[in-house]
Amino acid sequence: METASEKRQVVFLTILLLLWKSDAETIRYSMPEETESGYLVANLAKDLGLRVGELATRGARIHHKGNKDLLQLDAETGNLILKEKPDREVLCRATEPCVLHFQIILENPVQFFQTELQLTDINDHAPEFPDRKMLLKISESAQPGTMFPLKAAQDPDIGSNAVQNYTVSPNLHFHVITHSRTDGRKYPELVLDRALDREEQPELTLTLIALDGGAPSRSGTTTVHIEVVDINDNPPKFDQSLYEVQIPENSPLNALVATVSARDLDAGIHGTVIYSLFQGGELSQPFEIDEVAGEIRLKGTLDFEATPYYNIEIVATDPGGFSGKCSVAIQVVDVNDNAPKLTISSLNSSIPENAPEAVVAVFSVSDPDSGENGRIVCSIQNELPFLLKPTFENYYTLVTERPLDRESRADYNITITVSDLGIPRLTTQHTIIVQVSDINDNAPAFNQTSYTLLVRENNSPALHIGTISATDSDTGANAHISYLLLPLYDMQLALTSLVSINQENGQLFVLRALDYETLQTFEFSVGATDHGSPALSSQALVRVVVLDDNDNAPFVLYPLQNASVPCTELLPRAAEPGYLVTKVVAVDCDSGQNAWLSFQLLKATEPGLFNVWAHNGEVRTTRLLSERDVPKHKLLLVVKDNGEHQRSATVTLHVLLVDGFSQPYLPLPEVARDPVQDDEDVLTLYLVIALASVSSLFLFSVLLFIGMRLCKRAREASLGVCSVPEGHFPGHLVDVSGTGTLSQSYQYEVCLTGDSGTGEFKFLKPMISNLMVQDPGREVKESPPCRDSFVFS
């Protein structure tokens, strides 16, 4: 028995899942009532989109929901055939439209199709009066226009096939008018056209005809016998023409429904009023009235589902035959005495995050009450990311509205509330706890997309320069993060020789001292990887900027200060004021304001004869030369940078006054000698000897350089022989502000030997046509402190 029960549960769950995915569209058919049996309603296989014979192979059958078995299915042909003649009045009574519900059930796989058959009314019933003869007593004092109510005919048909009109046989005193009740039913009233005279005609017999609206029309008749009563001036009159009352469906027998009251202004026997039930909505009523007190009481049980309301008419009659009428509308009230019931069919209490429309539970609800008391509303909390989806009839599926995120919320308490719409509302609640399981769906996230770390040059090794931090909103191993270094493809230096990272906490360390003049900045990536499966990772760019220290003093390129023979500048005596004697060229391997150089004249043989431009190092004359000026001058200049801890270098210049560059030395004219003049001649002789020595040494150096160049070209780099590279002067020797120490209109070539400690300076002619201007936008990537040779412009 347990195995069979388990199989039924599996089949039931399978059916529910299939129904949940199936189309909920209802198939509707319509046919007139009283259709003969064997009538072909429709070809069900064609309407369902199935092949011929598929209904048979899938075991198709019809399930009637409490309805009589009217239809028969031929599974082989798919034809839906009428089994017996249907009578709409028997099946639906006064309900309109008359719709019969049944289901088509298929197997392999299981499918349900909701089907409706609507029976349309035909005019198959003739109107019928409740009595074959009606008696009216009318006073001869009745005035023309007085109306007398008549009992209405009953027709089980509805709509236009029901009673539509009343007529009366031709006569001289009366005609009939047709009225409509609130429910649409017609009833007649007899109107007096001409006053009655009992002496002339004590009684009249009329034929009342009820006609329906069918085609062809049907009719019913009754005889109205009128007795002319002697004068009774006042008919009974009710306090209200319409009484509206409600009564619960569980009211006991003999319960008081309502009390009606009518008064007759006549006296004596003509003022006595007798109450009676005149006409109701049905031929048989579950009510009775006390003919004296006018109390309407319950004589039968009420069923709200069968008849929700009654409309009865009460007549008050006095002994003289006068009567008054009122209507009593009785509403049967449904009693909400059953709470809704919730049954869980399937439950999944653990849902993985990021699962779209995951099914949490499948359940059904029911309420045996009817109407509003049987209507059920299912709901859950509004703030939860879940939805209730109706599947089939009273089945619901609880699904996720969107993929869940465990990082936002790890569990949910879902309370399913099932309420009916009765008064008072009855409610049933069921709580489901859903756990959200974690998946590795969040990669580590850095606090910043890029980091810029500053470190000053000449730092100590293993210096902590910053921490790279990432977070992972997952949990457990999915949130455990490890850090690693990721070098960029264009890095020229090995990243592992510069920095290291702690893989647990992301701390970065510089492994060796950095030199700004060698490396100003470098970039690399840091990766953060979690331990989930599969592992997720992210990267952040780290830029390390080396800050410059003023650790390099200015270096004088010209004139060379380490030469064994000092450099002497020649100045013609005919030079105008502002004549450019020479230009001191100096560089600083630092950058920024640490490399901003300024020039100052500290000491001169003739203080007022020369000045130095502070920004470019040009030495110029300030006045015309005279014969009294000494022929040889010595200038001491200082070159200073602009760093915080200022560094400087000194420059010594020797200036020789000459009459012209073509004849550096001219003999003096014969004049009378004096001792002072003789000393000056000796000094001049020494000066000429010194110049000859310098020229010889320079010529020897040039020849030696050419010989070494030709003989030792292969070992040029290892022996440190002077070479003149092509290209621009290195960018770190150029003031990017445009106010550097070199004039843009000259090109110089300087050659320094690295072994002897001495050097020569070769002053070439200006190359104005081949100016090579330093591009101020070029990025400087390497700044060696000194080179053996330079080419600059």
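The values are calculated or read from the model by the stated rules, or taken from the named source; none is laboratory data. Remember, it's a predicted structure, so these values are computed and weren't measured experimentally. All Cβ positions, even for glycine, are placed from backbone atoms using ideal geometry, and neighbour counts span all protein chains on display. Remember, those area values only see protein heavy atoms, side chains included, never the ligands or the DNA or RNA. Shrake-Rupley method; radii C 1.70, N 1.55, O 1.52, S 1.80 Å.
What the table below lists for this structure:
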quantity	calculated
Accessible-area value, I231, 1.4 Å probe, nucleic acids and ligands omitted, Å²	90 Å²
Projected label distance in nm at I439 and L486, using a 7 Å step from Cα toward the beta-carbon	2.4 nm
Additional length obtainable on full extension of the chain from S533 to T182, 0.36 nm per residue less Cα span	118.9 nm
Of K151/K237; K137/K325; K186/K299; K583/K603; K603/K640; K83/K341, those spanning more than 25 Å from alpha-carbon to alpha-carbon	K186/K299; K83/K341
Relative contact order (%) - criterion: Cα under 8 Å, at least six apart; region: the stretch 250-358	26 percent
Additional length obtainable on full extension of the chain from L570 to D124, 0.36 nm per residue less Cα span	146.2 nm
Viscosity 1.567 mPa s, temperature 4 °C, Stokes-Einstein D of the stretch 388-472 from Kirkwood C-alpha radius, µm²/s	68 µm²/s
Dipole-positive endmost among S364, L453, T427 within the stretch 353-509 (Cβ charges, Cα centre)	L453
Percent RCO, i.e. relative contact order, over the stretch 501-609, from Cα pairs under 8 Å lying at least 6 residues apart	22 percent
Computed FRET value (nearest 0.05) for T301 with S241, which takes r as the C-beta separation and R₀ as 25 Å	0.30
Point-to-point label distance, F509-A690, nm (Cα→Cβ direction, 7 Å offset)	6.0 nm
Sites Q646 and Y579, calculated FRET efficiency, Cβ-Cβ separation with R0 30 Å, nearest 0.05	0.45
Cα gyration tensor, the stretch 188-320 - rounded (a/c under 1.5), prolate or oblate	oblate
17 Å cut-off, amide nitrogen to a point 7 angstrom out along E372 Cα→Cβ, residues in the stretch 243-257	245-250
Heavy atoms of T182 accessible to a 1.4 Å probe, total area in Å² rounded to 10	130 Å²
Net lengthening on full extension, A494/E36 (0.36 nm per residue, minus Cα-Cα)	155.0 nm
Kirkwood hydrodynamic radius of the stretch 184-227, from inverse mean 1/r over distinct Cα pairs, in Å	12.9 Å
Nitroxide proxy distance, nm - points 7 Å out along Cα→Cβ at I274 and V52	7.4 nm
Hull-based mean projected area of the stretch 78-183, where the convex hull spans the alpha carbons, in square nanometres	10.6 nm²
